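Just below is one structure, and these are the notes that go with it.
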Amino acid sequence: MVAFLSYATALTAVRAAHTGAKVVFNQQTPMTAFLTDADYQWRNGWRRRVFTATSRLTYAAADSIIATSRGVADDLAENFGVNPHLVHVVPNPVDLDAVRERAAEPLEPGDDPAGARPVIIAAGRLADAKNYPLLIDTMRMLRATVPARLFILGEGELEPALRRQIADHRLEDTITLLGFQRNPWKFMARADVFALSSHYEGFGNVLIEAMALGIPVVATASAGTRDIITHGVDGLLVEPHTPEAMAGALGRILASHDTRAAMAREARLSAERFAAEKVIARYDAVLEQVAA
C-alpha cells in the first residue's frame, strides 16, 4: 500500500486488516515548511503540537517512506525522528513527450505574449506558499532596467490581493494574470525564462516541464528546487528570497542571449533525468526492496 495522503488512515486500515501488507508513505512536502504555511491551520498552537506528535508516531510505524527530494528526506530525519535508512529519495515522474506535444498547440487569438519581449512565465496556485508578492515586487525592480513582461498562470484565493498589489505598484501593463489554463505548456513554451518564487517546494514538477521545453528557470532555493536546478548551468537558484536577488537572477538571464541559449540546451538535457520511464524504474526497485 502506497499512501500519498492521509497516512495515518491508510496505515490504520492496513494494520487493522491483518494482511501483512507493507505500508509506504510518499512524502511530497517538507513538513517543517508545511507547518509554516498560512493556508493551513496546523501551524498555530496546540494544532501544530498535535500534528507533529501524530506525524512522528505515524512515520515511525511505516515500513518505508519515499521522499520526492533530498531536502524532504533530510527534514523527516532531522525534525520528525524518521530513520534515514527507511527513506528513499525518488523524484516525481514527468511525461516529457506529452508536455512537448501539448506545448506545440497554438494559442488562442489575443493570448500570444510573443509580441511582448522579453517574456517571463510563472505558474501555480495563487496561494501563500507560491509567494507571488515576491515576484510582483521583483518585477517592480526589474522593469527599471529590463522591459520584461510577466504572465502568471493559475487561480486561487489570493487573486484579489495580488491584483491590488499590481495596481498599487502601477504594473498593470507589466503583469498579466491569465487564470487557470488547461494547457499551460503552450504558454510556457513561449517564455524567455520561467520563474518560481515559492516559499518552499517539495519538488517542483513545473520546473521540469519548463526545462523540458528548453526554457531556462529561475527559482527560489528550497528543498525540492535544489534537486532539480544546477545553479548556473540549466538555471539559477535564488538563495535569499528577496526581490533584489530575484531581480538580479532574472536580469542576468534576460541580459544575454548566449546565456539563455546555453541554459536552454542544458535544461532540456537535465529534464531527461525525470522522464516517467526512468522514475518508474526507480519506484519499482524501491517497492521490490520493501516487499522483500
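The values are calculated or read from the model by the stated rules, or taken from the named source; none is laboratory data. Just so it is clear, the structure is predicted and the values come from calculations on it, not from any experiment. Glycine gets a Cβ as well: all are built from the backbone with ideal geometry, and neighbour counts include every protein chain shown.
Test Arg170 against the stated conditions and say whether it is surrounded by fewer than 24 Cβ atoms within 10 Å (Cβ to Cβ), basic (Lys, Arg) and either in the same structural domain as Ala73 (by TED's automatic domain parsing) or at pLDDT 95 or above (or both). Please lay out each step first, then the result.
Working: surrounded by fewer than 24 Cβ atoms within 10 Å (Cβ to Cβ): yes; basic (Lys, Arg): yes; either in the same structural domain as Ala73 (by TED's automatic domain parsing) or at pLDDT 95 or above (or both): yes.
For Arg170, the condition - surrounded by fewer than 24 Cβ atoms within 10 Å (Cβ to Cβ), basic (Lys, Arg) and either in the same structural domain as Ala73 (by TED's automatic domain parsing) or at pLDDT 95 or above (or both) - is met.
Which residues, taken from the range 37-79, are aromatic (Phe, Trp, Tyr) and crowded, with 19+ Cβ neighbours inside 10 Å? Step through it out loud before you land on a result.
Taking the range 37-79 and keeping what is aromatic (Phe, Trp, Tyr), we get 40, 42, 46, 51, 59.
Matches in the range 37-79: Tyr59 only.
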Of the residues in the range 242-289, those that are assigned to a helix (DSSP H, G or I), among the hydrophobic types (A, V, I, L, M, F, W, C) and crowded, with 16+ Cβ neighbours inside 10 Å number 15
Provide a single number: the residues in the range 212-233 that are outside any loop (DSSP other than H, G, I, E, B), more than 14 Å from the chain's Cα centre (by Cα) and either within 12 Å of Ala262 (Cβ to Cβ) or not aliphatic (A, V, I, L, M) (or both).
-> 1
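Residue by residue through the range 137-153, note down the ones that are hydrophobic (A, V, I, L, M, F, W, C) and assigned to a strand (DSSP E or B).
Result: Leu150, Phe151, Ile152, Leu153.
Regarding the range 193-200, can at least one residue be identified that is more than 15 Å from the chain's Cα centre (by Cα) and either assigned by TED's automatic domain parsing to the domain that holds Pro106 or assigned to a loop (DSSP other than H, G, I, E, B) (or both)? Talk me through it step by step, then tell me what you get.
Quick first cut of the range 193-200, residues more than 15 Å from the chain's Cα centre (by Cα) only: 193.
From what is left, the residues that are either assigned by TED's automatic domain parsing to the domain that holds Pro106 or assigned to a loop (DSSP other than H, G, I, E, B) (or both) are 193.
Scanning the range 193-200, I find at least one residue that is more than 15 Å from the chain's Cα centre (by Cα) and either assigned by TED's automatic domain parsing to the domain that holds Pro106 or assigned to a loop (DSSP other than H, G, I, E, B) (or both), so the answer is yes.
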Please tell me if Ala114 is over 30 Å from Glu277 (Cβ atoms), assigned to a helix (DSSP H, G or I), at pLDDT below 95 and assigned by TED's automatic domain parsing to the domain that holds Arg182.
-> yes
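May I ask you to say which residue of Val233, Val218 is aliphatic (A, V, I, L, M) and closer than 20 Å to Arg140 by Cα?
None of the other options fit; the residue is Val218.
For the range 127-142, which positions are in contact with a helix residue (DSSP H, G or I) (Cβ under 9 Å, 6 or more places away or on another chain) and of a type outside the set (A, V, I, L, M)?
Tyr132, Pro133, Asp137, Thr138, Arg140
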Name the residues in the range 22-54 that are charged (D, E, K, R) and either in the same structural domain as Gly202 (by TED's automatic domain parsing) or not in a loop (DSSP other than H, G, I, E, B) (or both), would you?
-> Arg43, Arg47, Arg48, Arg49
Does Val82 meet the test of being in the same structural domain as Gln27 (by TED's automatic domain parsing) and assigned to a loop (DSSP other than H, G, I, E, B)?
-> yes
Out of Gly179, Gly156, report the one residue that is closer than 30 Å to Ile66 by Cα and out of contact with any Pro (no Cβ under 6 Å at 6 or more places or on another chain).
-> Gly156
From the options Arg273, Arg265, Arg190, residue that is modelled with pLDDT under 95 and under 29 Å from Glu105 (Cβ atoms) = Arg190
Selected residue [assigned to a strand (DSSP E or B), in the same structural domain as Glu108 (by TED's automatic domain parsing) and surrounded by fewer than 21 Cβ atoms within 10 Å (Cβ to Cβ)] from Leu178, Leu236 | Leu178
How many residues does the range 145-185 contain that are of a type in the set (Val, Ile, Thr) and farther than 23 Å from Asp39 by Cβ?
-> 4
Scan (1) modelled with pLDDT of 95 or more; (2) polar (S, T, N, Q); (3) surrounded by fewer than 24 Cβ atoms within 10 Å (Cβ to Cβ) for the single condition Thr225 breaks and write down its number.
-> (3)
